[in-house]
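Down below is the structure, laid out as C-alpha cells.
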Amino acid sequence: MSQNRPDLGTPASYTFPRPQRITVGGGTVVAIDVPGQYLVSVRLVHPYGGAVEPLDAMGVGALTSEVLEDGPDGNSSLAPALERHGAEWVSRVNWDGFITGLDVPVGRLGEAVRLFADAVRRPALNPDDIVRRRDQLLERFWLEAATAGTLAMRSLGGQLFTGRYATPLAGGPVRLADVSPETVASFHSDTLASVAGTLVVVGDLSGVDLTDLGKTVFGDTAPTPERVITAPAPPPGPLPRVLIVDRPGSVQSALVIAHRAPSRSQVDLPRAEGIGEVLGGMFGSRLNLELRERLGYTYGAGARFDLRRDSGVFFMSTQVEADTTAHSITSSLEQVAKLRESGVTEEELVAVRESNTIGLPVSYSTARAMAGSLVDMVVHDLPDDHVDRVRAGYERLTKEALDSAAVEYLRPEEAVVIVVGDAERLGSPLTDIGVGPVEVRTPDELWV
C-alpha cells in the first residue's frame, strides 16, 4: 500500500547548549553536558598558535604538536597507551591556538585524562624523537607542496604580510630545519608545561567531577596570560599584482586571488561569510557557475574568508588548464565586480540563510562538533551564545545586508594573484590582461 510523503514542516530554530564554566586553580573548565553522548570530547586550549612564534623559531609549535605523540615515555608511546582506554589523541596548531585533547568513552575518562595530562605537561621530548619528527615534517612539506594548489596557498602569506604570517604555519622548509631539540624543549617549558589553558569537556557528564578533571589537567600551572593583538604589516609593492610560481612544463595552473581582510572580531560574520558563499562557497556559487558550468575550465572553484584574531584573508581559488589561466583570472574578477555592482539575487539570499540555519541540529549532533565550537569561542574570546548570535544573524539576513557586504569585504583593487604554473607559457598572457605587474619566482625562492 503506497503512502504519500509527509509535508515538510517549518524548521525549528536551533539553540546551542549553554556551557558551564568552573575556575580550577589557574585554569577554566568549560563544559556541556549532553545526556546519551558517551564518547566524551576533551580539548585543552592554549593561546600559542603560530602567530606568536618568534621569527627565529618559526614552526616550533607544529613540531611540538607532532612530538607530543611520542608520549611521556618517548618513541611513539602515546597512541598504544591511549588505546588501552579506547581513547583517540588530538593535537593541532593553527595561527591562534595550540589545541590538544582526546575523545574517550565516559567510563574511561578519569584514567585517560591522567595520561593526557602527562602527555601534554610532561612529555619525554627525546632529542632523537624531535629530530625524527622534524625530518618527517620537512619531507611532508615538500611532498604536499608538489601539489600545485597547496603550493599556491603556501605562497600566499608572503604576498599579504610581513613577519610571521609571511612563512607557512609549519615554518617553511628553511626555518623549520633550524628548530633544534633545545628550542622545542624551551618552547614547551614556557607554554604547555607551565600555563594552565582552558579545558573544554563535552559529553554525558552525569557523575563526572569537572573540578577533579580540572585539577588533574591544570595542576599548579599559571593562569593563561592575555595575548597582545597587533595587526601585521603588509609587504611593500604595488596592488594589485601577479606572482607566478614557476613549474616548467606544467599543463595546468593553480590560481589564488586574495586580499587582506579584517580580523574575526571586526567583521559581521553572517554578512562576510554569506557573501563569500554567494561568490564561491556553494556549488551554485557565481565562480562555480561561471568557471565550471559555463566556461568548462575547471572541476570546481571556491572562495572563503580565513579570519584570525589580528587580521584576515579573503581568497578565491581554482585549478585550470594552462591556456585558460588568463581568462580564468579576468572572469573571476568580473564576477566580483558584478556582485559589488548589482548585489545578490533573492535565490542566493535564501540559499545562504538556509544553508547556515536548517542543518544546525545535525552539525552539532556530536560531542566532537560541540567541542570544536567551544574551542573556537575560547580561541577568539567569543561569548557563550556565539552560535545563537550567528544563527540569528543569518535568519535576519537581508539582500541589502549582503549587497553592502560585497562592497565592504570584497576588495579586488587590493588583490594579489598567485599562479602556480609554467612561467614561460604564462608570462605574456598574464601581462597582457593588465591586472598588475608580474613577478616570477621558483618554489625554492619563496621562504629563504
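Just so it is clear, none of the values below were taken in a lab; they were calculated from the coordinates. What you are looking at is a predicted structure, and each value in this text was computed from that prediction instead of being measured. For neighbour counting, all protein chains shown are included, and Cβ atoms are generated from backbone atoms with ideal geometry for every residue, glycine included.
Net charge around VAL438, counting only other residues with Cβ within less than 14 Å of its Cβ (Lys, Arg = +1; Asp, Glu = -1)? Net local charge, VAL438 excluded: -2. Distance from the C-alpha centroid of region 162-198 to that of region 87-129: 18 Å, rounded to the whole angstrom. In this label model, SER13 and THR345 are separated by 2.9 nm, measuring between points 7 Å along each Cα→Cβ vector. Summing Lys and Arg as +1 and Asp and Glu as -1 over all other residues whose Cβ lies under 12 Å from the Cβ of THR298 gives a net charge of -1. Taking amide H positions as modeled 1.01 Å from N, with prolines and chain starts lacking one, the residues under 5 Å from PHE16 and 5 or more places away or on another chain are ASP388. Simple spin-label estimate for SER189 and ARG84 gives 3.0 nm between the two label positions (7 Å along the Cα-to-Cβ direction from each Cα). Taking region 227-249 and a reference point 7 angstrom along Cα→Cβ of VAL174, the backbone N atoms nearer than 17 Å belong to 235-236, 245-246. With contacts taken as Cα pairs under 8 Å at a separation of at least 6 residues, the chain carries a relative contact order of 23 percent.
The candidate values are [x] 18; [y] 30; [z] 26; the one derived from this structure for percent of Cα pairs over 40 Å apart carries the label [z].
When peptides 222-228, 106-112 are ranked by their average number of other Cβ atoms within 10 Å per residue, the highest-first order is 106-112, 222-228. Distance between the pseudo-spin-label points of ASP73 and SER363 (7 Å out from Cα toward the beta carbon): 4.3 nm. Comparing ALA406, LEU291, VAL313 along the charge dipole axis of the chain, the residue lying farthest to the positive side is ALA406, per the Cβ-charge model.
Radius of gyration (Cα atoms) of region 74-182, expressed as a multiple of 2.2 N^0.38 Å: 1.30.
Hey, for a label at VAL251 modelled as a point 7 Å past Cα toward Cβ, could you say which residues of region 282-300 have their backbone N under 16 Å away? Under 16 Å, as judged by backbone N against the label point of VAL251, lie 297-299 of region 282-300.
Taking each pair of distinct Cα atoms in region 290-424 once, what is the resulting Kirkwood hydrodynamic radius in Å? Roughly 17.6 Å, rounded to one decimal. Packing here is the average count of other Cβ atoms within 10 Å per residue, and on that basis the peptides 354-362, 41-49, 275-283, highest first, run 41-49, 275-283, 354-362. Extension gain for GLU182-ASP220 works out to 11.3 nm (0.36 nm per residue, less the C-alpha to C-alpha distance).
Highest mean packing comes first when the peptides 312-320, 77-85 are listed by Cβ atoms within 10 Å, giving 312-320, 77-85. Among the complete DSSP H segments of the chain, which ones combine at least 24 Å of alpha-carbon extent along their axis with a mean Kyte-Doolittle hydropathy of -1.0 or more? Span-like helices in the chain: 127-145, 325-342. Counting only DSSP H runs of at least 4 residues, each contributing -39500 (n - 2.57), and dividing by the residue count of the chain, the helix-based mean residue ellipticity at 222 nm comes to -11000 deg cm²/dmol.
Quick check: net charge around VAL416, other residues with Cβ under 11 Å of its Cβ, Lys/Arg +1 and Asp/Glu -1? Residues close to VAL416 contribute a combined charge of 0. One Cα centroid belongs to region 236-251, the other to region 375-410; the line between them spans 34 Å. FRET efficiency for the ARG114 to ARG411 pair, using the beta carbon distance and R₀ = 51 Å, is estimated at 0.50.
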